[in-house]
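A short worksheet on the structure shown next.
The values are calculated or read from the model by the stated rules, or taken from the named source; none is laboratory data. Predicted model only: the values in this text are computed from it and were never measured. We place every Cβ from the backbone using ideal geometry, glycine too, and count neighbours over all the protein chains shown. Quick note on the areas: whole protein, heavy atoms, side chains included, nothing else; ligands and nucleic acids left out. Shrake-Rupley method; radii C 1.70, N 1.55, O 1.52, S 1.80 Å.
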Amino acid sequence: MSRNGGPLRPNDFAIKIGTVNGTGSASANSLLLQALFRVGVPVSGKNIFPSNIQGLPTWYEIRVSGDGYAARSPEVDISVAMNPESYSRDIAEVRQGGWILHDSTRPLETRLLREDATFLGVPLARMCLEHFEGARTRILMKNIAYVGALVALLDIEIEVVHGMIEEKFGTKPHLIEANFKALALGRDHALEHLPCPLPIRVSRLDATRDHVIVTGNTAAALGCLYAGATVGAWYPITPATSLMDAFTAFCRRFRVDPETGERDYLVLQAEDELAAAGMVIGASWMGARAFTPTSGPGISLMSEFIGFAYYGEVPAVFFDVQRTGPSTGMPTRTQQGDLLLCAYASHGDTKHIALYPADPAECFDFAVRAFDLADRFQTPVFVVSDLDIGMNDWMIPELGWDDDFRPDRGKVLDAEELAKLDRFHRYLDSDGDGIPYRTLPGVDAKGAYFTRGAGHDRYGGYTEDSDAYRDVVDRIARKVDSAADAVPAPYFRLAGGAHEASRSSTARFGIVSVGGCHWAVLEALDVLEARGHQIDYMRVRGFPFSDEVSDFIDARELLFVVEQNRDAQLRSLLLLETGCAAEKLRPVLDYGGQPLARNTVVDAVEEFVRKEPSGSREAVPRSGDPVPDSADPVPIAPEPVQTSSLSNPAP
């Protein structure tokens, strides 16, 4: 118990900072996140910002978890309410017994006050008005001042924050002085007038050693660089733009000849997404490793060229950083609404290889794998992440690299190999594995061929013959299906903590998820296990699905399919591709645009268990039998919102 009331909770709390978009709060929030990381405490940061450029409310959530949980916290412990426009929401979201740090230059309206939370007032605007000149400077320093107050309230080591400010503004001493002053204003006021430290506080750990904080888009761009990509074509779109921005920055640093200044890369901003896809496919056809980053609307526009690359068997890599749809949707909110789109993009019968990273570490790894898979199987490959993974701040282990890595370029014939052939036929499956040999333009005239989006036979000739057409498209289907064992294997966690799929399990239930749902599911499993539930877990990481996916489903009576879209797209994909019984897959859906939190999963599982007939071990159907109500979507519990009409406890 702390002297300020309430049980001590070191390194286990969530901060939500509400500000006005365009006021420069991002730098202050990043400073706070990095300070927590540098004292060895695991953290994650999620930016919730409007699609409009300036003036609307924006939030930054920091999860502090000594246990290393990275999913969005279902509760807010301390709200930093800096935006009058969002006061009502910011104050209401704080959990019972939580704290609201606010600017007390002007008193809060009585209607906003609560009795079950503690208001911590700091006259931030007045202090900055008295100590700084210029409107913009005062706004920026107000942000640093609230960081100063949090430093005192949460017992963060001030020396660490000072060191970070000195690193950032090393050549600009006047900025160091100004930031130090603002930091001290907030901290000194809090120490003198507020109950410091709070029961939620920071205690130095050693849990961030050999880790970094990075976004998924930056990690994916680095993966492209390491994979040998030299061409990127794109059209700007949230939330994928920062991937190409990062790739461009990496290329300027690592792909410029230091002696001649010659660039060994090409980044093209196209007139639209369709053109960008065409540029990538053209560059890949020429032998370059090329990619485009986009989001769902971009994949829609690119679909015509994607079908061409599929049928013409041209390697290409597409990054889909998903956001909420349909249409423009909510461009700055996260979702997993493109799973089916990416699996079958374009008209006609198509099916694509897709990789589903769960964090920036896998964004890096899967980016490298995507280029190898595209070359090996001569087809488009999708890396399907989302806004939460792509744009938010994640703590991951330092990225590793094998210097012995050599790109897998697949079946590419050079001039010497061509010389040994009587004739070269581009679409002839001479090895029986569904993958023909290809050549690169300019290598040898003997390897020339016509890349056709029109009907063609195995010899590359135009055809409208039914049998010849079927011969090619059936082979392409076999080729793509054969990638099931080449994509990343599923992740497993069996009840009791085992991670081997081959381990026997007595759990009747399982959870299946994809992508960024992973971290909320892991946390939910810990909660459910502590409450006596035995549940196995599988996260699919690649498509087409391997036999391991089917085996996991077959071995359990019922599976909760956790995903972030309205229409249960992962569940549909599993039904289509594994042939499992629909009754076995119970959807758990969250599609409001916020990153998934553990309570969604916990509530869904426990609601089902509560509805089971008594003595349910015998009552619940065994594999193959229908399960009552199991196909009905699970209603998602509303976010915990605290409301009250209260008096003023502000100091």
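Among the residues of segment 376-410, just one is closer than 15 Å to SER284 by Cα, open to solvent by 10 Å² or more (accessible area, probe 1.4 Å) and part of a helix (DSSP H, G or I), namely ARG376. Residues that are part of a strand (DSSP E or B) and among the basic types (Lys, Arg) within segment 33-85 comprise LYS46, ARG63, ARG72, listed in sequence order.
Residues that are open to solvent by 20 Å² or more (accessible area, probe 1.4 Å) and either under 27 Å from ILE200 (Cα atoms) or at pLDDT below 95 (or both) within segment 105-134 comprise THR105, ARG106, PRO107, LEU108, GLU109, THR110, ARG111, GLU115, ASP116, THR118, ALA125, listed in sequence order.
Candidates are the residues of segment 439-467 that are under 18 Å from GLU417 (Cβ atoms) and in contact with a Lys or Arg (Cβ under 7 Å, 6 or more places away or on another chain); the one that is least open to solvent (accessible area, probe 1.4 Å) is GLY460.
If only residues of segment 69-104 that are of a type outside the set (Asp, Glu) and open to solvent by 40 Å² or more (accessible area, probe 1.4 Å) are counted, the one that is farthest from ASN599 (Cα to Cα) is SER104.
State all residues of segment 529-549 that are surrounded by fewer than 22 Cβ atoms within 10 Å (Cβ to Cβ) and assigned to a helix (DSSP H, G or I); if no residue qualifies, say none. Result: GLU529, ALA530, ASP547, GLU548. Number of residues in segment 246-298 that are in a loop (DSSP other than H, G, I, E, B) and surrounded by fewer than 22 Cβ atoms within 10 Å (Cβ to Cβ) equals 15. Determine which single condition THR137 fails, assuming it passes every other condition in (1) assigned to a loop (DSSP other than H, G, I, E, B); (2) in contact (Cβ under 8 Å) with a residue 24 or more places away in the chain; (3) open to solvent by 20 Å² or more (accessible area, probe 1.4 Å). The single condition THR137 does not satisfy is (1).
Evaluation of PHE318 against the conditions (1) open to solvent by less than 10 Å² (accessible area, probe 1.4 Å); (2) touching a Lys or Arg at 6+ places or on another chain (Cβ under 9 Å); (3) not in a loop (DSSP other than H, G, I, E, B) shows that the sole unmet condition is (2). Scanning segment 550-567 for residues that are under 20 Å from the mean Cα position of the chain (by Cα) and either open to solvent by 10 Å² or more (accessible area, probe 1.4 Å) or basic (Lys, Arg) (or both) yields ARG566, ASP567. Selection within segment 413-452: residues that are part of a strand (DSSP E or B) and without any contact (Cβ under 8 Å) to a residue 60 or more places away in the chain. The member of this set that is farthest from ALA374 (Cα to Cα) is LEU413.
Can ASP467 be described as of a type in the set (Asp, Glu) and within 18 Å of ILE353 (Cβ to Cβ)? No. When SER572, SER614, SER647 are screened for being open to solvent by 30 Å² or more (accessible area, probe 1.4 Å), hydroxyl-bearing (Ser, Thr, Tyr) and at pLDDT 95 or above, only SER572 passes. Scan segment 52-65 for residues that are open to solvent by less than 30 Å² (accessible area, probe 1.4 Å) and either at positive phi or not charged (D, E, K, R) (or both) and the total you get is 6.
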